[in-house]
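The values are calculated or read from the model by the stated rules, or taken from the named source; none is laboratory data. Since the structure is predicted, the reported quantities are computational estimates derived from the model, not experimental observations. Virtual Cβ from ideal backbone geometry, glycine too; neighbours counted across all protein chains shown. The protein model used for the area step is the full one, side chains on, heavy atoms only, and it has no ligands, DNA or RNA in it. Shrake-Rupley method; radii C 1.70, N 1.55, O 1.52, S 1.80 Å.
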Amino acid sequence: MAIYEDLEIEQGSSFAYIVSVKDPNGAAYGLGSHTLAAQMKKTYTSSSVTASFTAAATSVAGEIKISLTDEQTAAIKAGRYVYDVLIETPGNEKHRVIEGMITVTPGVTTIS
């Protein structure tokens with residue numbers, strides 16, 4: 001079962017989130033040979049992806065870091081979105097490990 005975690009992204013700011021995940025047996029994922037993907041959309045049924053996160057395993061077993069650059073967050077309209085993180089094992093099994101809502105808050109200041 002996926003972890004449910006609501007997140008907040010500040011428009012125009014760099015974003016990073018690290019989470020520890022466990023396999024279906026409750027053990028920390030050894031993520032070295034797994035494929036990771038993470039996306040956000042306006043709704044679960046939206047056909048277009050609002051943003052694709054960079055998703056990578058950290059040096060700690062079972063930790064995943066998802067991130068967006070400040071340029072990516074600046075291009076996202078303020079509002080509420082949904083997201084999830086999917087892991088594919090070397091045996092081609094896919095598991096959703098994180099999901100939730102994202103609130104993008106509007107920004108005012110830019111640095112040139």
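Quick one: count up the residues across the stretch 62-82 that are open to solvent by less than 10 Å² (accessible area, probe 1.4 Å), farther than 14 Å from residue 52 by Cβ and assigned to a strand (DSSP E or B).
Total meeting the criteria: 1.
Among (1) part of a helix (DSSP H, G or I); (2) buried (at least 16 other Cβ atoms within 10 Å of the Cβ), which single condition is residue 85 missing?
It fails just one condition, (1).
Considering the stretch 17-27 alone, what residues qualify as being exposed (fewer than 11 other Cβ atoms within 10 Å of the Cβ) and either within 15 Å of the chain's Cα centre (by Cα) or on the phi > 0 side of the Ramachandran plot (or both)? Quick ask: steps written out before the conclusion?
Here is the first cut: in the stretch 17-27, the ones exposed (fewer than 11 other Cβ atoms within 10 Å of the Cβ) are 24-27.
26 - this is the single residue of the stretch 17-27 that is exposed (fewer than 11 other Cβ atoms within 10 Å of the Cβ) and either within 15 Å of the chain's Cα centre (by Cα) or on the phi > 0 side of the Ramachandran plot (or both).
Looking at the stretch 72-112 only, could you name the residues that are modelled with pLDDT under 95 and charged (D, E, K, R)?
88, 93, 94, 96
Being more than 16 Å from the chain's Cα centre (by Cα) and either touching a residue at least 40 places away in the same chain (Cβ under 8 Å) or crowded, with 17+ Cβ neighbours inside 10 Å (or both) is the filter here; which residues of the stretch 28-46 pass it? Steps first, answer last, please.
Looking only at the stretch 28-46, we keep the residues that are more than 16 Å from the chain's Cα centre (by Cα), and these are 28-30, 32-33, 45-46.
Hits for the stretch 28-46 are 29, 33.
Which condition number does residue 49 fail, the rest of (1) β-branched (Val, Ile, Thr); (2) surrounded by 13 or more Cβ atoms within 10 Å (Cβ to Cβ); (3) within 17 Å of residue 7 (Cβ to Cβ) being met?
(2)
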